[in-house]
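Structure first, then comments.
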Amino acid sequence: MSKHVYDVIGIGIGPYNLGLAALLDQTELSGAFFDGASHFEWHPGMLIEKMDLQVPFLADAATFADPKSPYTFMNYLYENDRMFPFFFHQAFKVPRQEYNDYLQWIVRQLDNLYFDQQIIDVIDHKEAGEPHYEVIALKKETGRKESFFAKNVVLGTGSEPIILDGMDGHPPEDVLHTSRYTYEKDNLLDSKHVTVVGSGQSALEIFLDLMEEQRRSDMKLTLLSRTGGLFQLDQAKFAQEFFTPEYVDYFHSLTFDQRQKNLETLGALRNGIDPDTLTRLYTQLYHKTAGGEESRVFINPMTEVKSIEKQGAGYLLHCEQWQEEIEFSYSTDKVILATGYKPHIPQWFFDRFQEEIEWEDEKKYQVTRDYQLVFKDDREHRFFTLTDLVHSHGAGATNLGLSVHRNVHIINTIAGKQIYKNQQQTAFQTFSMKDHMQ
């Protein structure tokens, strides 16, 4: 073909595809990565001061594949004269703002990342002499369309906020998802009553941040949690082995039904709250009530918010304490929805590939161990995905530490040989008995 054909094109530039680009940069493989955003920003609405990542600094873009890479977090510290402060800080986890700055530092060093370029279609040229994909990008600033070509495509379009039925349609400055928190923080602190709906890490981080800045005596804070309580993340050593490549191997080998049942048993690993966050929250509550001070904080677990209704200048939340089976209404001025995220799959994907690939059920596509979509025909031009992998690769599908392992699989598969080493014997536990039976 006379047109230039990349070895791989990445769609979306988040931490996962950015890590892939960084590792790819140290190989002979060619790649280009596109994103519709004007610049790179990692969860800007949740860059709360004094909040850390939930994984250690080694879970960066490159270390697990190549500790000598120029794109490791340690090299970022070195290049930015942060080695001694980090050393004296004696913390294993990275502040969210610093992680964002680290990723932006990588972006500035790579010349094959194209922002303000929204991918609007991917055409499968499987009948061509050399089968390939045509990736069509829309330059948002000019409205100009341009085609790029690749032997392989990696879908990394991330996630989008979930707004439940009955909670939508309200002004975004009054009823907002956690993804917009920092944009509306000043507005929220001016309110007399803010209610956070949710029970995960984001909900607790926002609730704690508001509480630490709750200065006015007439400001009230409420947390309504559907779960049975505020349970902490299981950080025990053996529990963390469920985020190893060895466990991913085991999980992927199970049947679809077995995998779904497996996920149900890992709630404390998937949805738990960082122990440090819970400790800070309890400490704040203790100090706020010292000396008989009245608490202006209300925390109510086992409560599901069914819908939100406008009431005067504020809002009425229709709730149920599901264990007691008591329904009640609750008034507040502002509402923050910590209702999570869902995978963002572009519409063109369904238009082009829904009938071409195999599905585990009506919503979940089949994915190989090395992260390829399973097509109904045999092909050497591959379509990988970094998006919507929990059903196929387990709770670790959204873990930053395993994202490097995932990119190693993809690069080695594209290259047809080992470019980066995959770590072996990563767990002391044995998950599968198949290889141990006589």
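The values are calculated or read from the model by the stated rules, or taken from the named source; none is laboratory data. Since the model is a prediction, treat every value here as computed from it, not as a measurement. Positions of Cβ are backbone-derived with ideal geometry, glycine not excepted, and every protein chain shown enters the neighbour counts.
Within region 269-294, count every residue that is at pLDDT 90 or above and among the charged types (D, E, K, R).
3
From the list ASN262, ASN271, exactly one residue is within 21 Å of the chain's Cα centre (by Cα) and under 22 Å from PRO161 (Cβ atoms). Which is it?
Values: ASN262 fails: under 22 Å from PRO161 (Cβ atoms).
Sole residue among the options that is within 21 Å of the chain's Cα centre (by Cα) and under 22 Å from PRO161 (Cβ atoms): ASN271.
Kindly provide the set of residues from region 409-438 that are in a helix (DSSP H, G or I) and under 29 Å from ASP25 (Cβ atoms), ordered by number. Reasoning before the result, please.
The first filter runs over region 409-438 and keeps only residues in a helix (DSSP H, G or I), leaving 409-415, 434-436.
Passing the criteria: HIS409, ILE410, ILE411, ASN412, THR413, ILE414, ALA415.
Could you check region 97-115 and list, in sequence order, the residues that are of a type in the set (Phe, Trp, Tyr) and either more than 21 Å from GLN26 (Cα to Cα) or touching a strand residue (DSSP E or B) at 6+ places or on another chain (Cβ under 8 Å) (or both)? Break it down stepwise before answering.
If we filter region 97-115 for residues that are of a type in the set (Phe, Trp, Tyr), which is where we start, we get 99, 102, 105, 114-115.
Within region 97-115, TYR99, TYR102, TYR114, PHE115 meet the criteria.
Determine the pairs where a residue that is closer than 19 Å to GLY200 by Cα, located within region 272-289, has a partner that is of a type in the set (A, V, I, L, M, F, W, C) and part of a helix (DSSP H, G or I) with Cβ atoms under 6 Å apart, the partner being 6 or more residues away or on another chain.
ILE273/LEU204; THR277/LEU204; ARG280/LEU208; LEU281/LEU208; GLN284/MET211
Which residues, taken from region 295-325, are assigned to a loop (DSSP other than H, G, I, E, B) and out of contact with any Phe, Trp or Tyr (no Cβ under 7 Å at 6 or more places or on another chain)? Write out each step before concluding.
Our first condition is that a residue be assigned to a loop (DSSP other than H, G, I, E, B); within region 295-325, this holds for 295-296, 301-302, 312-313, 322-325.
Those that are assigned to a loop (DSSP other than H, G, I, E, B) and out of contact with any Phe, Trp or Tyr (no Cβ under 7 Å at 6 or more places or on another chain): SER295, ARG296, PRO301, GLY312, ALA313, TRP322, GLN323, GLU324, GLU325.
Mind checking which residues of region 256-272 are among the acidic types (Asp, Glu) and surrounded by 10 or more Cβ atoms within 10 Å (Cβ to Cβ)?
Of region 256-272, the ones among the acidic types (Asp, Glu) are 257, 264.
Across region 256-272, the qualifying residue is only ASP257.
Of everything in region 288-327 that's more than 21 Å from MET211 (Cβ to Cβ) and among the small types (Gly, Ala, Ser), which residue is surrounded by the most Cβ atoms within 10 Å (Cβ to Cβ)?
For region 288-327, the residue satisfying everything is SER307.
Looking at region 173-184, is at least one residue among the polar types (S, T, N, Q), assigned by TED's automatic domain parsing to the domain that holds ALA313, surrounded by 13 or more Cβ atoms within 10 Å (Cβ to Cβ) and under 22 Å from GLN118 (Cβ atoms)? Let's see the steps before the verdict.
Start the filter on region 173-184 by keeping residues that are among the polar types (S, T, N, Q), which leaves 178-179, 182.
Narrowing the set further to residues that are assigned by TED's automatic domain parsing to the domain that holds ALA313 leaves 178-179, 182.
Restricting the remaining residues to those that are surrounded by 13 or more Cβ atoms within 10 Å (Cβ to Cβ) gives 178-179, 182.
Then drop every residue that is not under 22 Å from GLN118 (Cβ atoms), which leaves 179.
Yes - at least one qualifying residue is present in region 173-184.
Can you run down the residue pairs with Cβ atoms below 6 Å, 6 or more apart or on separate chains, where the first is in region 191-220 and modelled with pLDDT of 95 or more and the partner is of a type in the set (Phe, Trp, Tyr) and crowded, with 18+ Cβ neighbours inside 10 Å?
Within 6 Å, the pairs are VAL196/PHE207; ILE206/TYR181.
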